[in-house]
1. In segment 21-52, what count of residues is obtained for those that are closer than 19 Å to Val112 by Cα, within 9 Å of the ligand (Cβ to nearest atom) and not polar (S, T, N, Q)?
2. Within 30 Å of Val5 (Cβ to Cβ), of a type in the set (Gly, Ala, Ser) and modelled with pLDDT of 95 or more - does that describe any residue in segment 164-177?
3. Is it fair to say Ser89 is of a type in the set (Ser, Thr, Tyr), part of a helix (DSSP H, G or I), modelled with pLDDT under 95 and surrounded by 14 or more Cβ atoms within 10 Å (Cβ to Cβ)?
4. I'd like the full set of residues that are under 26 Å from Gly96 (Cβ atoms) and of a type in the set (Phe, Trp, Tyr), limited to segment 37-77.
5. All but one of (1) modelled with pLDDT of 95 or more; (2) within 20 Å of the chain's Cα centre (by Cα) hold for Phe119, so report the exception by its number.
6. Exactly one of (1) closer than 27 Å to Gly96 by Cβ; (2) within 16 Å of the ligand (Cβ to nearest atom) is unmet by Asn174. Its number?
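The values are calculated or read from the model by the stated rules, or taken from the named source; none is laboratory data. None of the values given here were measured: they were computed from a predicted structure. Glycine gets a Cβ as well: all are built from the backbone with ideal geometry, and neighbour counts include every protein chain shown.
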Amino acid sequence: MIVAVTGVILVLFVIGHLLGNLQIFLGPEWINSYAQHLRDLGGFLWAIRLFLLIAVLLHIYYTIWLAIENRRARGSYREREPVKASFASRHMAMSGLIILAFIFYHLAHFTVRVTDPRFALLKADPLNRYDVYSMMVYGFQNVIVSAFYVLAMFLLALHLSHGASSFFQSLGLNDKKLTPRLARIGRVVAWLIFIGYTSIPVAVLLGLVKPAQQL
Ligand code: HEM
């Protein structure tokens, strides 16, 4: 239950964050003002950050605990992986760990801004706000950085697509017709999230989104 509920909290964040980021396609005015509004939340922003951090820690702690319990329940002999286990289900730990590594890198990249020396050279936008728009564009002009983002988003979608079916099982929803249908919707949402996030570095690399200021 805890893994399922914290999973839903994190997915809601991922969807909200995606909608915020997609404003890059509406221009610097939109996304810079959105980022400024978030920063203006002050103490409330820190409360949200703390809430998300607790959700991530609980999600990881209880998945490790579940994995240990499952192994113990299987007994001492080595059983083969069930034939039906999908690629996504067998790689939950691997995808989860790479997503965690991505989040550390991503915070250093765009929140603390210590990985790209060019970000420090960016001037404020005409309304004296930090130019998040140009930061994102310059950030994704680096092919290796963009490739890592796309890989992380792919693993995130894989993780979410399996998480969707586990979620309904955890809630004890075992309806023959409804459960597979809901799991299918979950998988579609996971891959829409992938397309949404990936569209940003891809658009930058294709030159469809250009920086608002020159360095
Ligand atoms: C193309 C993909 C993504 C882009 C362009 C992007 C963009 C950004 C930007 C610009 C910020 C800094 C906001 C600011 O300080 O003004 C940020 C913060 C953050 N992003 Fe992302 N992001 C992406 C994917 C993700 C994903 C997949 C996750 C989680 C799985 C994530 C989690 C976070 C977190 C936790 C923060 C810190 C929020 C805070 O300030 O507390 N991001 N992102």
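1. So the count comes out to 10.
2. First pass over segment 164-177, keeping only residues within 30 Å of Val5 (Cβ to Cβ): 164-177.
This time we only want the ones that are of a type in the set (Gly, Ala, Ser), so: 164-166, 170, 172.
The next check asks that each one be modelled with pLDDT of 95 or more; those that pass are none.
For segment 164-177, residues within 30 Å of Val5 (Cβ to Cβ), of a type in the set (Gly, Ala, Ser) and modelled with pLDDT of 95 or more: absent.
3. Values: of a type in the set (Ser, Thr, Tyr): yes; part of a helix (DSSP H, G or I): yes; modelled with pLDDT under 95: yes; surrounded by 14 or more Cβ atoms within 10 Å (Cβ to Cβ): yes.
The answer is yes for Ser89.
4. Hits for segment 37-77 are Trp46, Phe51, Tyr61, Tyr62, Trp65.
5. (2)
6. Of (1) closer than 27 Å to Gly96 by Cβ; (2) within 16 Å of the ligand (Cβ to nearest atom), only one is false for Asn174: (2).
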